[in-house]
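Working notes, structure below.
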Amino acid sequence: MVSEGTEGRGARTLRAELALKTLTIDLGSRERLRRVLEQSLVFADASFAGVYTPGDDADLLCLVESVGVPRTLYGLRDGYPASGGSPVAEVRRTGDAVWFGPAELAAGCDARRLPSGEFHLAALPVRGDRGGGCLLAVSERPDGFDAEDRACLALIAEAVAIPVPAEALVGEDLAAGAFDLAMDTGRVEVGGDVLDLFGLGPGDFDGKVETLLGLTVPEDLPSLMSVVEADHMAIGDRELEFRVLQPSGTPKWLRLRGRLLPGGDGRPARLVGTVGAASQLRSGVNDVARVQRLAAALAMAGTVRDVSQAVVAALRKPLRADRIAPAELEGDRLVVTVLDPPEPEAWPELWRLAWRSEWPDAPVRTMPTL
């Protein structure tokens, strides 16, 4: 038996419609947007989906949320000029969906940014109080989006509610796990749960990001600084796990999810997002800790040789490597900067024939697999 209004619609489309209707309505606007976008991965077999909407600059369409694989795999940008020739801009101007295959993408204005792999791109209009935006989705299937995929994407575009820009939230109470950092002054507003995670009471926090950074485990500080310093962070989403020291002296793993918002009209760039307890406690030294220790060592390195020595010290034991030779490519030759172990006898005879002072220099084709 087919109910009224459902005849001719595929079962997958109906399931997508039901899923969109049952999303929790009391979620925050950004969390709900992310949940809606995730349905494109499930019901339209998209590998990436994102929403672009006008930013402070009316002529710039900015990525406000995305799901799936990193957008850079498809040469997609954080923002597109509204007056340009991108699919995002075309949808914004015309209000009509566009569907591009590999041939159309290769002929577009951004062709030079595209990877070598073939993919299909869909751009659909999204309505909103600020003039609307665009839902962008990517499929890696050879035939792209089929008819039911397109129907599902249309439902998702209709369900998208563009979140209120963070600039409009200044002065309002933040959610319990949220933060809002002004990149020019280092002043940060945080929700109550964030202070609890850092072991601080409301009266113990002075509103400075340095106070929170001071509670971070030293080995994790360089990676965290790479997120909270404007010079190191591109516009877009970031996610990072790091440790803070509890009053007892034991470390606690936290997860930061943030997005850098561009400044303009006298307003500073701002980092907004959430901090929560990591889903799983870490114990001992694991891959994350090794990478963070390496990051800490690299932050102190001043020369290529310093970098090479830091890599050797951090990775040889965890990799159980007999030998490590960091090298930099110069033309068709690899110039080795550090050998570990340093004795010539530990290395191939060809290298010893080309030995120069402390390290050899050999053609790439003769490099052994280490």
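Check every one of the strands (runs of 3 or more DSSP E) wholly within segment 171-263 and list those with 3 or more residues that are open to solvent by less than 30 Å² (accessible area, probe 1.4 Å) and modelled with pLDDT of 85 or more.
In segment 171-263, the matching strands (runs of 3 or more DSSP E) lie at 178-182, 251-261.
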In a loop (DSSP other than H, G, I, E, B), out of contact with any Gly (no Cβ under 9 Å at 6 or more places or on another chain), open to solvent by less than 70 Å² (accessible area, probe 1.4 Å) and modelled with pLDDT under 85: which single residue out of Gly108, Gly117 fits that description? Gly117
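The rows are residues; the columns are (1) modelled with pLDDT under 75; (2) touching an Asp or Glu at 6+ places or on another chain (Cβ under 9 Å); (3) over 23 Å from Val307 (Cβ atoms).
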{"position": "Gly331", "(1), (2), (3)": "yes, no, no"}
{"position": "Val335", "(1), (2), (3)": "no, yes, no"}
{"position": "Glu345", "(1), (2), (3)": "no, no, yes"}
{"position": "Glu349", "(1), (2), (3)": "no, no, yes"}
{"position": "Arg352", "(1), (2), (3)": "yes, yes, yes"}
{"position": "Glu358", "(1), (2), (3)": "yes, no, no"}
{"position": "Ala362", "(1), (2), (3)": "yes, no, no"}
{"position": "Pro368", "(1), (2), (3)": "yes, no, no"}
Just the residues that are modelled with pLDDT under 90 and closer than 19 Å to Cys62 by Cβ, please, taken from segment 151-166. Val160, Ala161, Ile162, Pro163, Val164, Pro165, Ala166
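The values are calculated or read from the model by the stated rules, or taken from the named source; none is laboratory data. In this text, all values refer to a predicted model and were calculated from it rather than measured experimentally. For neighbour counting, all protein chains shown are included, and Cβ atoms are generated from backbone atoms with ideal geometry for every residue, glycine included. These accessible areas exclude ligands, DNA and RNA; they are computed on the full protein's heavy atoms, side chains included. Shrake-Rupley method; radii C 1.70, N 1.55, O 1.52, S 1.80 Å.
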